[in-house]
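The structure under discussion appears below in the form of structure tokens.
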Amino acid sequence: MALASTENPTVSPGHAEDAQNQRFGPAVALSCRECGARYDLGPSFACAECFGPLEIAYDFGRVTREQIAEGPANIWRYRSLLPVPADVASKPNMEPGWTRLVNAGNLARELGMRSLHVKDDSGNPTHSFKDRVVAIAVEAARNFGFHTLSCSSTGNLAGAAAAAAARAGLDACVFIPADLEHAKVVMASVYGGRLIGIEGTYDDVNRFCSELIGDELGEKWGFVNVNLRPYYAEGSKTLAYEIAEQLGWRVPDQIVVPVASGSQLTKIDKGFKELIELGLVEDRPYKIFAAQAEGCSPVSAAYKAGHDVIRPVKPDTIAKSLAIGNPADGPYVLDIARRTGGAVEDVTDPEIVDAIRLLARTEGIFAETAGGVTVGVLRKLVAEGRLDPEAETVVLNTGDGLKTLDAVAAEARPTAVIRPSLDAFRAAIA
Ligand SMILES: Cc1ncc(COP(=O)(O)O)c(C=O)c1O
Ligand SMILES: [Zn+2]
């Protein structure tokens, strides 16, 4: 039954509010994105009235730029905007975020753009943006008394969850499609806990996890992207906050975001909107562009066909971290791209590899395939005149190229292998 905590007749309102505040900070309820029904904060993710997805609703107090600037150089500087307790930084958890915003002048020149930044999330503790979302999920898991942290993952989330569980003293049991890149398997296993490879796609893994939640085997388990999804998803808002703060408290004109489930993109939009509503940035329009790999582009296909419904696909691409064939937030991505005046576009596997090399060659940033997708789509949109080259643009690199070495390995070799002599070197570079 939809019921706000403060209406709970067994607890006096003042105490209930205090207790909730200590556990969830400014978060006050779960609210349905479709019908608006409200629920107590709990480990649930679907509306009992209409099955719509639930997200966190807040009652923000006064938040100032100065307060934020006094906080630590990680996502906890935004704790007053997240569903976490005020003392979150004092407990063992990861400290992701405050990654660099690189002024990408070389790449901008190459693409014929005026102002371009790369938000480089490869610098997070397990080298992808997933550390942001998992850090919030850990707080939710603690709040609900879960002993095990779990997830269905295309690789990066598995590593982030295993690492965060280790640090927080929780058990970990993470699930991945069995055919992922070797580096991601190594990362997900090295932190301890259990790593289960499933014969199937990410969508099969996710279905399996939903079944496990309903079984006694999965009791007291927090699945970061299933029963903790509303909390987990809020971690992506910190990307929006950081980009705005690092630009001098300004929302960029345009941003290009990779899409798997679409959660990151929808929460970046939510983050920008919150900053505007709180008066922390000027209320100016911004465009959000979504990037997919052609071999798994259900959202892009729907966008191009002018459909509102996403038709699931079976992925076949080197961008395995984005290989979600049935994206939960796909319809919201479509809506945001259309509403803000952005677009959804996709690139082929060879274009992804080219874009990885382009970013590395121009800016010294080695992206994983997801970053290749984003930069590739940026390049395509600029070339086709669909993204304004004069407007201030931010492109996301969400993961580290060391995780997907095979994508570029075919062309990677020394310029020459020589004897240690000047003559040999002279001959080699002639
Ligand atoms: C490196 C990387 N970038 C982007 C994404 C897309 O995230 P979302 O599922 O929120 O769209 C993922 C998802 O796994 C990822 O691993
Ligand atoms: Zn609903």
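Residue-level analysis places ASP388 among those that are assigned to a loop (DSSP other than H, G, I, E, B), open to solvent by 20 Å² or more (accessible area, probe 1.4 Å), under 21 Å from ASN106 (Cα atoms) and away from ligand 2 (no atom under 16 Å from the Cβ). Of ARG65, ARG79, all but one fail to be among the basic types (Lys, Arg) and crowded, with 20+ Cβ neighbours inside 10 Å; the exception is ARG79. Condition check for THR404 on (1) crowded, with 21+ Cβ neighbours inside 10 Å; (2) of a type in the set (Ser, Thr, Tyr); (3) in contact with a strand residue (DSSP E or B) (Cβ under 8 Å, 6 or more places away or on another chain): one failure, at (3).
Looking across segment 386-430, the residues that are over 30 Å from GLY341 (Cα atoms) and of a type in the set (Val, Ile, Thr) come down to THR404, VAL408, THR415, VAL417, ILE418, ILE429. Counting only residues that are under 26 Å from ASP400 (Cα atoms), out of contact with any Ser or Thr (no Cβ under 8 Å at 6 or more places or on another chain) and free of Cβ contacts under 8 Å to residues at least 60 places away in the same chain, segment 139-164 holds 1 of them.
Looking at segment 262-320 only, could you name the residues that are part of a helix (DSSP H, G or I), of a type outside the set (Gly, Ala, Ser) and over 30 Å from THR64 (Cβ atoms)? Give the steps one after another, and end with the answer.
Step one: list which residues in segment 262-320 are part of a helix (DSSP H, G or I), which gives 263-277, 298-305, 320.
This time we only want the ones that are of a type outside the set (Gly, Ala, Ser), so: 264-270, 272-277, 298-299, 303-304, 320.
Residues satisfying the conditions are PRO298, VAL299, TYR303, LYS304, LYS320.
Need pairs with beta-carbon distance below 7 Å; first residue more than 15 Å from PRO315 (Cα to Cα) and within segment 196-214, second in a helix (DSSP H, G or I) and open to solvent by 50 Å² or more (accessible area, probe 1.4 Å); sequence gap 6+ or separate chains. Pairs that qualify, where the first residue is more than 15 Å from PRO315 (Cα to Cα) and the partner is in a helix (DSSP H, G or I) and open to solvent by 50 Å² or more (accessible area, probe 1.4 Å), are ILE198/ASP204; ILE198/PHE208.
Could you tell me whether segment 320-332 includes any residue that is of a type in the set (Val, Ile, Thr), open to solvent by less than 80 Å² (accessible area, probe 1.4 Å) and away from ligand 1 (no atom under 12 Å from the Cβ)? Checked segment 320-332: no residue is of a type in the set (Val, Ile, Thr), open to solvent by less than 80 Å² (accessible area, probe 1.4 Å) and away from ligand 1 (no atom under 12 Å from the Cβ).
Each row is one residue, and each column tells you yes or no for (1) surrounded by fewer than 12 Cβ atoms within 10 Å (Cβ to Cβ); (2) in contact with a Cys (Cβ under 7 Å, 6 or more places away or on another chain); (3) modelled with pLDDT under 95.
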position	(1), (2), (3)
ALA2	no, no, yes
VAL11	no, no, yes
HIS15	yes, no, yes
GLN20	no, no, yes
ARG23	no, no, yes
GLY52	no, yes, no
ALA57	no, no, no
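Can you say whether ARG132 is among the basic types (Lys, Arg) and open to solvent by less than 60 Å² (accessible area, probe 1.4 Å), as far as the supplied structure shows? Walk me through how you get there before you give the answer.
Numbers: among the basic types (Lys, Arg): yes; open to solvent by less than 60 Å² (accessible area, probe 1.4 Å): yes.
Answer is yes for this residue.
For segment 212-248, how many residues are over 21 Å from the mean Cα position of the chain (by Cα) and either at positive phi or of a type in the set (Asp, Glu) (or both)? Spell out how you get there, then give the answer.
Residues of segment 212-248 that are over 21 Å from the mean Cα position of the chain (by Cα), as a first pass: 212-221, 248.
If we keep only those that are either at positive phi or of a type in the set (Asp, Glu) (or both) as well, we get 215-216, 219-220, 248.
Selection size over segment 212-248: 5.
Scanning segment 38-59 for any residue that is away from ligand 2 (no atom under 16 Å from the Cβ) and either under 26 Å from ASN124 (Cα atoms) or more than 23 Å from the chain's Cα centre (by Cα) (or both) turns up at least one such residue.
Residues in segment 308-349 that are touching a Cys at 6+ places or on another chain (Cβ under 6 Å) and within 16 Å of ligand 2 (Cβ to nearest atom): none. Among the residues of segment 19-37, those identified as within 16 Å of LYS270 (Cα to Cα), free of Cβ contacts under 8 Å to residues at least 60 places away in the same chain and near ligand 2 (Cβ under 9 Å from one of its atoms) are SER31, CYS32, GLU34, GLY36. Report whether or not VAL88 is open to solvent by less than 10 Å² (accessible area, probe 1.4 Å) and touching a residue at least 24 places away in the same chain (Cβ under 8 Å). So VAL88 fits the description; yes. Cβ separations smaller than 7 Å between residues 6+ apart or across chains give the following pairs from segment 216-238 residues that are within 22 Å of LYS119 (Cβ to Cβ) to residues that are assigned to a loop (DSSP other than H, G, I, E, B) and away from ligand 1 (no atom under 16 Å from the Cβ): GLU234/LEU82; GLU234/PRO83.
Can you spot a residue in segment 274-289 that is more than 16 Å from ligand 2 (Cβ to nearest atom), open to solvent by less than 20 Å² (accessible area, probe 1.4 Å) and more than 20 Å from the chain's Cα centre (by Cα)? Can you show your working first?
To start, the set of residues in segment 274-289 that are more than 16 Å from ligand 2 (Cβ to nearest atom) comprises 274-289.
Restricting the remaining residues to those that are open to solvent by less than 20 Å² (accessible area, probe 1.4 Å) gives 274-275, 280-281, 288-289.
Filter again for more than 20 Å from the chain's Cα centre (by Cα), leaving 280-281.
Yes.
The values are calculated or read from the model by the stated rules, or taken from the named source; none is laboratory data. If you're wondering where the values come from, they're calculated on a predicted model, not measured in any experiment. Because the Cβ atoms are built from the backbone with ideal geometry, glycine has one as well, and the counts that use them run over all protein chains shown. All accessible areas refer to the heavy atoms of the entire protein, side chains included, with ligands and DNA or RNA removed. Shrake-Rupley method; radii C 1.70, N 1.55, O 1.52, S 1.80 Å.
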